[in-house]
Structures are given as structure tokens and as C-alpha cells.
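Below is one structure; the comments refer to it alone.
Please treat every number below as a calculation from the coordinates, not as lab data. What you see is a predicted model, and the numbers here were worked out from it, not measured in a lab. Every residue, glycine among them, receives a Cβ derived from its backbone with ideal geometry; neighbour counts consider all protein chains shown.
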């Protein structure tokens, strides 16, 4: 037995306790519900699934496999503005340093790297062991490889403190 319950934004149908409607009869018998194969909505045949996918792809103008991702280098330079010698990072930042997404979620290699480190490795290879990159210009969001130098952590801290002292 169903009854209508008024709501400010419309009405809904609720069942009284002990209801014997079809929905609750199936639910109580285990033939309807999330534990049933296909969940609450049943399953589609493989042919129906392919038709649904094709319709969705046609509606969004996207290939069935999705849009082709841009190469990392193209994505990187689309987030860089070159001015006054510095290459300013316009993308996401973390503590002032550029953050750049690399890898793929499909194979589990997706991760976020520092943008200045990524460009250094593309141009010069890996940063030597025991070294970190110092921004010679003092601008954390600069990704110009010529403004970066591999130094020890101690040297990097000394230079940062010297830059703070100079007005």
C-alpha cells in the first residue's frame, strides 16, 4: 500500500511498514536489489552495451576510446610563459614550485613532479646523486633550464639565505 507524502518541492511515494508491493516482495525474496547480478537496474546484453557506447560517443563528439592525450612536452610548454629571461610556470603550483603531472593512470605510472626538475631532466638528464636544483634567479616558479644549477643541499640553503638578506 503506497501513500503520497507532501514535500515542499514535490511529493514522493513511500511504502507503509509491511508493504506487499511487487518491489518489496522481490526485495525480501532476494530477487531484486544490489546483490542481484547487474544491481538494481539489471544487466544489458553485450549488443545493447555497444549501442549505448556508440550513442554516448556520438553525443559528446569523442572517439569511443576517448580523446588522444597530448604529448608531455606539448602539455608542459602550454603552461609556460617566457618573459625577462625567466620561464614562468602558469600551471598548478605547490609551495611556489610548478607541479606537473606525468605518466599514465592506466599503467599506474601517474605522478606529480616538480616542473623545473622535469624540464631539467628533459634537457640535461638526471640530476646527479646528492644534488638538488637551485634556482639561480631566485624565482621558484621559473622553469628555464639555464636558470637552474645542481648543488648540494647545504649550498642551496646558503644561497637561499643570501637572497633573503639582499633587499
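Annotations
- FRET efficiency estimate (nearest 0.05) - Cβ-Cβ, residue 140 to residue 72, R0 22 angstrom: 0.55
- Distance-filtered residues of segment 81-105 - backbone nitrogen under 12 Å, label point 7 angstrom along residue 123 Cα→Cβ: 85-88
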